[in-house]
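Student: Structure provided below as structure tokens; questions to follow.
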Amino acid sequence: MNASRVSVRAPRAHATQPAFVLHHYDWSETSLILDLFTRELGRVAVVAKGAKRPYSQLRAVLLPFQRINVSLSKGSKTEEGAAEILTLRSAEWGGGATLPGGAAIFSGYYLNELLLKLLARQDPHPLLFDAYAQALPQLHAEDDASSQAGLRAFELMLLREIGLLPDLSLATTTQQALRPERDYALSPQSGVIAPAGDEARLSGATLIHLQAALEHGSHAALLQACGTALPALRAALRGLLHYHLGHAPLRTRQVMLDLQKLLDTKTP
């Protein structure tokens, strides 16, 4: 990770920037602490004073998965002094898609949980912000393959932006170009390697196309490349994410698994 990104200045008072609410929790009887994902500052902690009051206009704005434009100003240091809690001066709806419904809302919370657990505070990632904004509408796709491709594309961008994704066009140990006709595996410790055992296998051609799409910065090209190998790519990226997240399971994924078990037991 680029250490130079960690220390950033708070924005000027009243200067607006796009943001998304990742999480919120009570701070007082009338106020909230927000975990915002902003384009200019990355993930920041923000106090929204008065947001819980019944007549507050912020109640309808500070919702997850909704693009908003916020104005922030300097706040106070946390108890540890490691990060600054900014103050929310204003927030307005920034347009875009409505809130996801049905199963898509679990996918949305899954994206939020990945950002909360893997992205350091005040570490700007404008490209990742754009990828998140592009992924949310993809969750509304009518066919499951399109929404799954959107999830995989975001996972790839996240891992790449925080420095945890190897160059997918090269064999990591030898730094030689991949053979398109051969199969490879993604190892959390060793990168792109020859597959062994029951590891998820991805063709060299698929990995080369994924790397090209990431370097080109084309969301459409990345979606297309992801769509060619969805089951194997899902398994491979799940392995990488589980390794870097540690042993604690993602809450959103566990909820989805529990819900699926409940539905299965009720199926005649």
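Student: Using 0.36 nm per residue of separation minus the Cα-Cα distance, give me the extension gain between Ala15 and His216 in nm, one decimal.
Tutor: Details: separation 201, 0.36 × 201 = 72.36 nm, distance 3.09 nm.
Full extension from Ala15 to His216 adds 69.3 nm.
Student: log10 I(q)/I(0), Debye, Cα-only the range 13-93, no solvent, q = 0.16 Å⁻¹?
Tutor: -0.52
Student: Quote the charge dipole size of the range 104-266 about the Cα centre in Debye, to the nearest 20; the model charges only the Cβ of Lys and Arg (+1) and of Asp and Glu (-1).
Tutor: So the magnitude is around 320 debye.
Student: Rank these for me by crowding, Ser71, Ser146, going from fewest to most other beta carbons within 10 Å. It would help to have the intermediate numbers written out before the result.
Tutor: On the way: Ser71 17, Ser146 14.
Fewest-to-most ranking of Ser71, Ser146: Ser146, Ser71.
Student: 5 Å is the cut-off here: which amide hydrogens, built 1.01 Å from N in the peptide plane, fall below it relative to Arg182, excluding neighbours closer than 5 in sequence?
Tutor: Gly204, Ala205
Student: Still on this model: State, as an integer percentage, the relative contact order of the range 104-266 based on alpha-carbon contacts under 8 Å between residues 6 or more apart. Please list the in-between numbers first.
Tutor: Numbers: 180 pairs, mean separation 36.6, N = 163.
22 percent.
Student: Got a sec? Charge dipole of the range 104-266, +1 on Cβ for Lys and Arg, -1 for Asp and Glu; which of Ala171, Ser107, Thr228 is way out at the positive end?
Tutor: Going by the Cα projections, it comes out as Ser107.
Student: Calculate, axis by axis, the spread of Cα positions in the range 102-157 along the three principal axes, and write the results as whole Å, longest axis first.
Tutor: 35, 18, 15
Student: Moving on to the next point. Grab the alpha carbons of the range 102-232, take their convex hull, and tell me the volume per residue in Å³.
Tutor: Cα convex hull per residue, to the nearest whole number: 118 Å³.
Student: Amide H of Gln66 versus every other amide H placed in the peptide plane: which residues, excluding those fewer than 5 positions away on the same chain, fall under 5 Å?
Tutor: Val21
Student: While we're looking at this one, here's another question. Could I have the simple spin-label model distance between Ile105 and Asp143, label points 7 Å from Cα toward Cβ, reported in nm to one decimal?
Tutor: Reported label-point gap for Ile105 and Asp143 is 2.7 nm.
Student: Further, regarding this structure: Could you list which residues have their amide H under 5 Å from that of Leu72, counting only those 5 or more apart in sequence or on another chain, with H placed in the peptide plane?
Tutor: For Leu72, the qualifying residues are His14, Ala15, Arg89.
Every number here is computed from the coordinates shown, using simple stated rules; none is lab data. Since the model is a prediction, treat every value here as computed from it, not as a measurement. Cβ sites come from the backbone with ideal geometry, for glycine too, and all protein chains shown count toward neighbours.
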